[in-house]
Amino acid sequence: MKIIRVFLITLFLSSFSYSQNDDYLIETKLKANKNLYKSFQKFYNDSIRQETKDEWGKPYYYEIDLIYGLSFLDFNDDGIEDALVEFSATPSDPATITFPIAVLFEKRNGIYFYTNHLNPSNAIFYKYADSIFYFKSTGYNGTKKGEIFKYKIVKNKFISLNTN
């Protein structure tokens, strides 16, 4: 009986810890950084949550599906950590399509300013080195799992360095 009780408690605790997943923690960290979250919300409202119409003329807009990445890096070599936020957006109409988006914010005088964003092809941020952003493919929608996509910032715009 004691073994069953220990098993049930272990099962409960493991399922509870699983529900407190990394995505939730990332969103919590983003919201805790008030300056960054305010800039992220402005980007979302100005660029993503734009109302548009479907093929039948019915209005819809894009919603945040999941915030899954928050990375701090110094992309402009000014000694101040900037931020890259990764999230997925989905249309408000009942669709199953999600679009990955990575947004780069430059930090100046304690405030984060939108620099640019990109839609990595089903890839997540992997690393930043030698002024290059590396994204690793998740293997969905025709991409090879583990394939690396490289981008560089040129005049505040992401430029793909991939030859395909």
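Please verify whether segment 118-133 includes one or more residues that are surrounded by fewer than 16 Cβ atoms within 10 Å (Cβ to Cβ), more than 29 Å from Asp78 (Cα to Cα) and without any contact (Cβ under 8 Å) to a residue 24 or more places away in the chain.
No: zero hits.
Conditions tested, residue by residue: (1) at pLDDT 90 or above; (2) more than 19 Å from Ile48 (Cβ to Cβ); (3) within 18 Å of the chain's Cα centre (by Cα).
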{"residue": "Ala102", "(1), (2), (3)": "yes, no, yes"}
{"residue": "Gly110", "(1), (2), (3)": "yes, yes, no"}
{"residue": "Phe125", "(1), (2), (3)": "yes, no, yes"}
{"residue": "Lys152", "(1), (2), (3)": "yes, yes, yes"}
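All but one of (1) loosely packed, with under 14 Cβ neighbours inside 10 Å; (2) in contact (Cβ under 8 Å) with a residue 40 or more places away in the chain; (3) within 19 Å of Lys152 (Cβ to Cβ) hold for Asp78; state the number of the condition that does not hold.
The failed condition is (2).
Does segment 138-164 hold any residues that are within 17 Å of Val103 (Cα to Cα) and either in a strand (DSSP E or B) or free of Cβ contacts under 8 Å to residues at least 40 places away in the same chain (or both), and which are they? Show your work before the answer.
Residues of segment 138-164 that are within 17 Å of Val103 (Cα to Cα), as a first pass: 149-160.
Answer for segment 138-164, where residues must be within 17 Å of Val103 (Cα to Cα) and either in a strand (DSSP E or B) or free of Cβ contacts under 8 Å to residues at least 40 places away in the same chain (or both): Phe149, Lys150, Tyr151, Lys152, Ile153, Val154, Lys155, Lys157, Phe158, Ile159, Ser160.
Can you tell me which residues in segment 112-164 are under 23 Å from Leu36 (Cβ atoms) and small (Gly, Ala, Ser)?
Listed by number, the residues that qualify are Ala123, Ala129, Ser131.
The values are calculated or read from the model by the stated rules, or taken from the named source; none is laboratory data. All figures in this text were calculated on a predicted structure; none of them were measured in a lab. Cβ coordinates were reconstructed from backbone atoms using ideal geometry, including for glycine residues, and neighbour counts include every protein chain displayed.
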